[in-house]
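See below for the structure under consideration.
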């Protein structure tokens, strides 16, 4: 398995679903605006999510590249709070942040579908990591959540 893991498959499947939803919105006469929250607040929340997601993404990329170069399991830094911070940054922060700025509740189905696709595809990556790193990965898997970061555990020894 390459350094991008299931990332390309996840991106392609999410993009296909997103295109379907955007076409539906374009041809629909329905207003999908998020009316319960003022638009300015949506922009603020969306911007914060995107900012956090980008930081999380950058730290994840730096960590995984270092580990990949020396062929070791990455379990420090952001990888100490969730096993898949690259996917987490997109599914939990960046995509929902962008969608909030676009002010459409139906677009919020995209990260939900993205999460479902992730849960299906990640089994392949997890199986690969377990076969490559053995008991070390099993221990790591038992201590660290799959996708939702446990910030209170950051670099906990």
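Laboratory data are not the source of any read-out in this text; all were calculated from the coordinates shown. Remember, it's a predicted structure, so these values are computed and weren't measured experimentally. Using ideal geometry, Cβ is built from the backbone for each residue, glycine included, and neighbour counts are taken over all protein chains shown.
Odds and ends about this structure:
- Where residue 3 falls short, out of the listed (1) closer than 29 Å to residue 142 by Cβ; (2) assigned to a helix (DSSP H, G or I): (2)
- Failed item, numbered, when residue 33 is tested on (1) surrounded by fewer than 15 Cβ atoms within 10 Å (Cβ to Cβ); (2) over 19 Å from the mean Cα position of the chain (by Cα); (3) in a helix (DSSP H, G or I): (3)
- Residue 3 vs. criteria surrounded by 11 or more Cβ atoms within 10 Å (Cβ to Cβ) and under 17 Å from the mean Cα position of the chain (by Cα): yes
- Index of the failed condition, residue 111 passing every other in (1) over 30 Å from residue 25 (Cβ atoms); (2) within 14 Å of the chain's Cα centre (by Cα); (3) free of Cβ contacts under 8 Å to residues at least 24 places away in the same chain; (4) buried (at least 19 other Cβ atoms within 10 Å of the Cβ): (1)
- Within region 50-102, tally of residues that are under 14 Å from residue 125 (Cβ atoms) and surrounded by fewer than 17 Cβ atoms within 10 Å (Cβ to Cβ): 2
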